[in-house]
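These notes are about the structure you will find just below.
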Amino acid sequence: MKMIDDCILPVQSINRAFVNGSVSEHVVDFDLESPESVVVDWVAHNLYWVDSGTRRVEMSHVDGSSRRVIVWQNVQPRTLVVDPTHGFVFFCFCYLTVSLLIARTGLFSSAKKKSCK
């Protein structure tokens with residue numbers, strides 16, 4: 001989200017830049033509604049993010065290539081954590097708008113497993 005005076009505007013792209021802020025470029029900039037909770041798998045060099053607008057967890061390589069949806073059914077995902085040493089993505093979501101759950105999936109799969117309530 002970008003702040004302009006006291007307004008918050010949704011950002012519809014995922015960008016990267018050098019630490020000093022130079023050379024900013026779009027990594028993913030299409031078919032996004034509200035990307036948030038962007039995390040990096042530093043072992044395999046992949047990006048993972050939640051899009052609360054499309055209700056999906058997605059991934060791509062750090063350059064934006066090979067993008068795919070890994071979680072999309074009956075969830076409202078909110079936050080992510082990656083564990084690349086064990087091959088998991090953990091995410092918090094609301095299941096059918098009733099309860100808050102923490103689940104995990106493989107770094108490259110759409111098979112999710114509920115961890116706890």
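Read-outs throughout are calculated quantities, based only on the coordinates presented, and are distinct from any laboratory measurement. All values reported here derive from a predicted model rather than from experimental measurement. Cβ coordinates were reconstructed from backbone atoms using ideal geometry, including for glycine residues, and neighbour counts include every protein chain displayed.
I need 22, 60 ordered by Cβ neighbour count within 10 Å, fewest first. Show your work: numbers first, answer last.
Working: 22 7, 60 17.
Ascending Cβ contact count within 10 Å gives the list 22, 60.
Using the Cβ-Cβ distance between residue 12 and residue 43 with R0 set to 41 Å, the FRET efficiency works out to roughly 0.90.
By how many nm would the segment from residue 26 to residue 72 grow when fully extended, if each residue of separation counts as 0.36 nm and the alpha-carbon distance is taken off?
On the way: separation 46, 0.36 × 46 = 16.56 nm, distance 2.36 nm.
Between residue 26 and residue 72, full extension yields an extra 14.2 nm.
Ranking of 100, 47, 107 by neighbouring Cβ atoms within 10 Å, starting from the fewest: 100, 107, 47. Taking 0.36 nm per residue of sequence separation and removing the Cα-Cα distance, the residue 102/residue 61 pair yields an extension gain of 12.3 nm.
Apply the a/c threshold of 1.5 to the C-alpha gyration tensor of region 27-105 and tell me whether it is rounded, prolate or oblate. Don't skip to the answer; put the middle values down first.
On the way: a/c = 2.35, a/b = 1.28, b/c = 1.84.
Oblate, since a/c reaches 1.5 and b/c is not below a/b.
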